[in-house]
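Student: Following this message is one structure expressed as structure tokens.
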Amino acid sequence: MAELDTSGGGKHKGGKVRSKKASTRVDLTAMVDLAFLLITFFMFTTTLNKPKAMNLAMPDNSDTKIQMPVAETRTMTILLGGKNKLMWYMGQAGKTAPTVEGYGATQLRKTIVENQKNVAATHAAGDNDMIVLIKPSDKSTYENLVNVLDEMSIANIKRYAIVKITPIELDALKTQGLLQ
């Protein structure tokens, strides 16, 4: 049991004769109980941070015969390489020269927004959404993929897909030194 003892000091010699005062005793058990009750109350009533997750809809792999024709000028392909670098190109692989960039607002986001504006300006009103194909390589990291998905959300890209990388694209990454 916790207690606080406030007894007076020793006896003083000389002087007036005073009556002996009884020591004051305060029991702190109730205050300790109250403190623990308050701690447990606030622990149970607070809400913990919920993890933020991005919705990702994966296509059905069983039905591969249905394909929709898409104009090459509407597709942007992003190849995720090593060394926190990526390559991107518009259209088909091998027909346009790929560009090597880094991640972030000044590089990838700026490129996505510019390409999105170009696609919207060159296509009809109902057919002007840009489609982005994200192709991670074996040397890319999970963080790189999440960064690209975040950029898709920030740039308000409605159509994007994570696709397997082709051998032509792997060769392009090798020539740029991004597969090391």
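Student: Which one is surrounded by the most Cβ atoms within 10 Å (Cβ to Cβ), of the residues in segment 141-180 that are assigned to a helix (DSSP H, G or I) and small (Gly, Ala, Ser)?
Tutor: Here the answer is Ala172.
Student: Show the residue pairs meeting these rules: Cβ distance below 8 Å; 6+ apart or different chains; first residue within segment 29-55 and in contact (Cβ under 8 Å) with a residue 24 or more places away in the chain; second residue part of a loop (DSSP other than H, G, I, E, B).
Tutor: That search, which allows pairs on different chains as well, returns Thr29/Met1; Thr29/Ala2; Val32/Ala2.
Student: Here's something else I'd like to know. Of (1) in a helix (DSSP H, G or I); (2) closer than 25 Å to Gln180 by Cα; (3) modelled with pLDDT of 85 or more, Asp138 satisfies all except one. Which?
Tutor: Going through (1) in a helix (DSSP H, G or I); (2) closer than 25 Å to Gln180 by Cα; (3) modelled with pLDDT of 85 or more one by one, Asp138 breaks only (1).
Student: Any residue at all in segment 159-168 that's farther than 27 Å from Asn55 by Cβ and not hydroxyl-bearing (Ser, Thr, Tyr)?
Tutor: Yes; the residues of segment 159-168 include at least one that is farther than 27 Å from Asn55 by Cβ and not hydroxyl-bearing (Ser, Thr, Tyr).
Student: Suppose the filter is in contact (Cβ under 8 Å) with a residue 40 or more places away in the chain and in contact with an Asp or Glu (Cβ under 8 Å, 6 or more places away or on another chain); does Val113 pass it?
Tutor: For Val113, the condition - in contact (Cβ under 8 Å) with a residue 40 or more places away in the chain and in contact with an Asp or Glu (Cβ under 8 Å, 6 or more places away or on another chain) - is not met.
Student: Next up: Which pairs have Cβ atoms under 8 Å, sit 6 or more apart or on different chains, and link a residue in segment 155-168 that is within 20 Å of Gln107 (Cα to Cα) to one that is polar (S, T, N, Q)?
Tutor: Ala155/Gln116; Ile157/Gln116
Student: For segment 23-95, list the strands (runs of 3 or more DSSP E) that sit wholly inside it and hold at least 3 residues that are aliphatic (A, V, I, L, M), at pLDDT 85 or above and under 32 Å from the mean Cα position of the chain (by Cα); which are they?
Tutor: Per the criteria, 75-80, 86-90.
The values are calculated or read from the model by the stated rules, or taken from the named source; none is laboratory data. Because the structure is predicted, anything quoted here is derived from the model rather than measured. In this analysis, Cβ positions are derived from the backbone assuming ideal geometry, glycine residues included, and neighbour counts consider all displayed protein chains.
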